[in-house]
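Novice: Take a look at this one; I'll ask things after.
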Amino acid sequence: MGTMTHRHGTTRPGGGPRAGWMPACVLALLVTLPFARARAVEPPVGAARCSKADVTRSRRSAEKLYRDGRYAEAVESLRRTKESCWSALDATDRGWLVSDLGLAALRAGQPELCRQVLDEAPAELDAGSRVAKAIAHNRGLCQGDGALPVTVFYSGLLISSPAEASAALTREWSYFVELREGRLAQRADREIDRCTETDGVELGDLNVMATVDLYSTQAQLLRCRALKMVTTARPSRVSHVRDLFSTKALGKVLPAALAPAIVPGDAEERSRASGEGRTWNDLDSRLRFEPIPERKEELRVRGSGVTGDLSQWALGDFNGDGVEDLILLRTVSPEGGSAVDMAAFLLTRTQPGGVLTILEQWK
């Protein structure tokens with residue numbers, strides 16, 4: 001049954017934003033906010049460009065520009081709407097308009113304009129409303145340098161903020177695992193019981209055989225590696241991965257290497273397919289992803305004969321290029337089987353809408 005020895009209780013199995021313009025309930029985690037559905041009141045006679053339908057179309061057009069990274073054009077589109085239709089909007093819609101315009105201005109490199117337009121937000125807004133919270137969040141961004149902060153998800157890394165990563169690396173586990181005989185012979189201490197002792201240690205170096213213990217230990221090693229990366233991560237200047245889980249056809253932007261390797265030869269095939277620019281959906285036409293309501297950072301995976309989970313662990317600039325990267329855990333099993341294909345990926349994307357690039361893969 002292996003030699004994973006418990007000290008304080010049972011092991012904890014491994015665990016793991018709609019990006020772009022997201023609902024205000026997740027503003028504490030994300031730094032991009034939603035274009036809410038325009039709800040302009042009917043304008044006075046003669047103000048045809050400010051009808052409800054026209055304002056809605058204008059804001060949707062600006063949203064598309066923003067998602068495409070055309071921030072300056074989004075600013076101009078929203079500015080024209082504001083200049084033409086301000087008097088036709090109620091307080092809530094004015095609030096959403098300046099919130100959208102302020103964020104677009106910030107991304108366009110105009111923090112002063114961001115601060116200016118947010119100062120025009122209606123004073124009568126309820127401080128507890130979604131729009132007021134969105135404005136307050138964007139105002140905080142505009143007061144800073146506009147960088148996207150490093151973000152971690154508790155369900156995966158078991159920490160609440162990046163500042164806790166260093167302490168988590170030294171924290172003793174509730175069990176220890178022994179090194180296999182003959183592996184890493186230079187190490188006098190043969191017990192592993194915290195992340196700081198896992199440098200250079202692979203799963204195959206450990207004396208773990210029982211199925212439950214094996215996958216728990218694998219998840220722990222992956223978590224340790226992610227925590228180490230978080231300690232050196234930097235804020236990002238731009239991101240094309242924060243909206244990943246809101247992508248309608250997610251399987252068409254995830255590289256083929258994310259597809260599970262269930263039988264011998266699968267891993268090589270996946271790697272080769274990724275090198276050819278193919279996607280996970282290219283390998284599995286039945287692939288689909290389902291949200292998990294209580295955990296927005298996780299998705300349920302269902303495909304041809306497989307089920308599992310996809311979990312976001314951390315967001316940040318992990319390679320120093322200023323572009324935000326994503327640490328993702330993929331855990332998939334064949335239906336009716338006990339085997340688990342678990343792997344973590346460091347992914348990035350340098351432009352909106354394209355297939356993601358795998359920077360690193362860990363097993």
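Novice: Hey, fewest Cβ within 10 Å first, where do Leu254, Leu287, Leu203 land in order?
Specialist: Leu203, Leu287, Leu254
Novice: Here is a follow-up. Assuming R0 = 35 Å, what is the FRET efficiency of Glu172 and Asp266, from their Cβ-Cβ distance, to the nearest 0.05?
Specialist: Efficiency for this residue pair is about 0.45.
Novice: Same structure, new question: Within the chain, count lysine pairs with alpha carbon atoms under 21 angstrom apart where the residues are 8 or more positions apart or belong to different chains.
Specialist: Final tally of qualifying lysine pairs is 10.
Novice: Note the full-extension length gain between Lys248 and Val355 as 0.36 nm times their separation in residues minus their Cα-Cα distance, in nm to one decimal.
Specialist: Once the chain is fully extended between Lys248 and Val355, it gains 37.2 nm.
Novice: Along region 79-87, what does the Karplus equation 6.51 cos²θ - 1.76 cosθ + 1.60 (θ = phi - 60°) give for ³J(HN,Hα), rounded to whole Hz, x for Gly and Pro?
Specialist: 5, 5, 4, 5, 5, 7, 10, 3, 5
Novice: Can I ask one more? Tell me the GluC sites (Glu not before Pro) within region 206-300 that lie in a loop according to DSSP and have at most 13 other beta-carbon atoms within 10 Å.
Specialist: Here the GluC sites (Glu not before Pro) that fit, given the DSSP loop and packing criteria, are Glu276, Glu294.
Novice: Taking other Cβ within 10 Å of each residue's Cβ, how do Leu179, Leu148 sort, fewest first?
Specialist: Leu179, Leu148
Novice: Oh, and also: Listing Met342, Met209 from the residue with the fewest other Cβ atoms within 10 Å to the one with the most, what is the order?
Specialist: Lowest to highest Cβ neighbour count: Met209, Met342.
Novice: Need one number: convex hull volume per residue for region 86-171, Cα atoms only, in Å³.
Specialist: 121 Å³
Novice: What value in Å³ per residue do you get for the convex hull of the alpha-carbon atoms in region 223-277?
Specialist: 142 Å³
Novice: Where the centroid of each part is defined by its Cα atoms, how far is region 290-350 from region 187-235 in Å?
Specialist: 19 Å
Novice: Additional query: Is any residue of region 258-273 close enough, with backbone N under 20 Å, to a label point placed 7 angstrom from the Cα of Trp362 along the Cα-Cβ axis, and if so, which?
Specialist: In region 258-273, the label zone of Trp362 (backbone N under 20 Å from the point 7 Å along Cα→Cβ) covers 258-261.
Novice: Between Ile292 and Asp321, what is the label-point separation in nm under the 7 Å Cα-to-beta-carbon projection?
Specialist: 3.0 nm
Novice: Could I ask something else about it? What's the Kirkwood radius of region 178-243 in Å, using all Cα pairs?
Specialist: It is 13.8 Å.
Novice: Divide the volume of the convex hull of the Cα atoms of the chain by its number of residues and quote the answer in cubic angstrom per residue.
Specialist: Output value, Cα hull per residue: 157 Å³.
Novice: Next question, about the same structure. Normalising by the residue count of region 222-363, find the relative contact order in percent from Cα pairs under 8 Å and 6+ residues apart.
Specialist: Reported relative contact order: 25 percent.
No value in this document is a laboratory result; all are computed from the given coordinates. Given the structure is predicted, the values throughout are model-derived calculations rather than measurements. All Cβ positions, glycine included, derive from the backbone under ideal geometry; neighbour counts span all protein chains shown.
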